[in-house]
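Participant: Handing you this structure, nothing more for now.
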Amino acid sequence: MLVRGRCGALWGLAGVILLLGSAVYRLTPLAIDAYSYPWHWRHWTAFILVVFFMAYAEGYRAFQKAFCPRVAARARYLLTHRNMLHTLLAPLFCMAYFHAPRRRQITSLSVTAGIIILVVLVRLLAQPWRGIIDGGVVVGLAWGLVSLAVFGFQALTADEFPYEPEVPEE
């Protein structure tokens, strides 16, 4: 493995981890702020439902089962397929914004656009409702961070990694 391959793989994983970590860092105070408002039974019910839903749907299904293994596999791909553009834009490469099958690129861009729309809509909510949703998102993102760290470590250290990087045929 050459230095550029290692740098690209590490930069790809680090960039995605920093992106997710930044979101957790920014949303956690908003989720905590929700507790400064009076909560009724409906708030607690919504909070429990949102946290469990986001842990399952975002943390487990989206991150652990799909996104994180693919990001790690694409980072591993960078170890042996050294390309200057892929190395410079490694976080975007690892998130499959380019050098991926067209369907994967469309899916990645569509999910990103959907997330941006949801972020804008959630910002319109008053507390404690915004904090309730942000709390669920923080749980899902934290799950994703841990999953990505585990998959990333496995991808870069194991002899074999059983996940496909989903790159076009060369």
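Participant: On the given criteria, is LEU20 within 17 Å of VAL150 (Cβ to Cβ) and assigned to a helix (DSSP H, G or I)?
Facilitator: On the way: within 17 Å of VAL150 (Cβ to Cβ): yes; assigned to a helix (DSSP H, G or I): yes.
Judged against the criteria, LEU20 is a match.
Participant: Of everything in the range 81-131, what is under 15 Å from TRP11 (Cα atoms) and either touching a helix residue (DSSP H, G or I) at 6+ places or on another chain (Cβ under 7 Å) or in a loop (DSSP other than H, G, I, E, B) (or both)? Give them in sequence order.
Facilitator: Quick first cut of the range 81-131, residues under 15 Å from TRP11 (Cα atoms) only: 81-96.
Within the range 81-131, HIS81, ARG82, ASN83, HIS86, THR87, LEU89, ALA90, PRO91, PHE93, CYS94, MET95, ALA96 qualify.
Participant: Let me ask something additional. Quick test of your reading of the structure: ALA66 fulfils all but one of (1) assigned to a helix (DSSP H, G or I); (2) in contact with a helix residue (DSSP H, G or I) (Cβ under 6 Å, 6 or more places away or on another chain). Name the failing condition by number.
Facilitator: Evaluating ALA66 over (1) assigned to a helix (DSSP H, G or I); (2) in contact with a helix residue (DSSP H, G or I) (Cβ under 6 Å, 6 or more places away or on another chain) leaves (2) as the failure.
Participant: Further, regarding this structure: Checking VAL119 against (1) of a type outside the set (Gly, Ala, Ser); (2) on the phi > 0 side of the Ramachandran plot; (3) free of Cβ contacts under 8 Å to residues at least 24 places away in the same chain, which single condition isn't satisfied?
Facilitator: That leaves (2) as the condition not met.
Participant: Still on this structure: Could you grab me the full set of residues in the range 144-170 that are part of a loop (DSSP other than H, G, I, E, B), within 17 Å of ARG74 (Cβ to Cβ), free of Cβ contacts under 8 Å to residues at least 40 places away in the same chain and not small (Gly, Ala, Ser)? Steps first, answer last, please.
Facilitator: To start, the set of residues in the range 144-170 that are part of a loop (DSSP other than H, G, I, E, B) comprises 158-170.
Next, only the ones that are within 17 Å of ARG74 (Cβ to Cβ) stay: 158, 160-170.
Now narrow it down to the ones that are free of Cβ contacts under 8 Å to residues at least 40 places away in the same chain: 158, 160, 162, 169-170.
Passing the criteria: GLU160, PRO162, GLU169, GLU170.
Residues checked against (1) aliphatic (A, V, I, L, M); (2) surrounded by 12 or more Cβ atoms within 10 Å (Cβ to Cβ):
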| residue | (1), (2) |
| --- | --- |
| PRO38 | no, no |
| PHE47 | no, yes |
| VAL51 | yes, yes |
| ALA55 | yes, yes |
| ALA62 | yes, yes |
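Participant: For LEU141, indicate whether it is crowded, with 17+ Cβ neighbours inside 10 Å and free of Cβ contacts under 8 Å to residues at least 12 places away in the same chain.
Facilitator: Working: crowded, with 17+ Cβ neighbours inside 10 Å: yes; free of Cβ contacts under 8 Å to residues at least 12 places away in the same chain: no.
When the stated conditions are applied, LEU141 does not pass them.
Participant: All but one of (1) in contact with a Lys or Arg (Cβ under 9 Å, 6 or more places away or on another chain); (2) without any contact (Cβ under 8 Å) to a residue 40 or more places away in the chain; (3) buried (at least 17 other Cβ atoms within 10 Å of the Cβ) hold for ARG70; which doesn't?
Facilitator: The failed condition is (2).
Participant: Could you list all residues from the range 24-36 that are under 30 Å from LEU78 (Cβ atoms) and surrounded by fewer than 17 Cβ atoms within 10 Å (Cβ to Cβ)?
Facilitator: Initially, the range 24-36 is screened for residues under 30 Å from LEU78 (Cβ atoms), giving 24-27.
Passing the criteria: TYR25, ARG26.
Read the figures in this text as sums done on the coordinates, not as results from a lab. What you see is a predicted model; the values in this text were computed from it and never measured. No Cβ is skipped: glycine too gets one built from the backbone with ideal geometry, and neighbour counts run over all protein chains shown.
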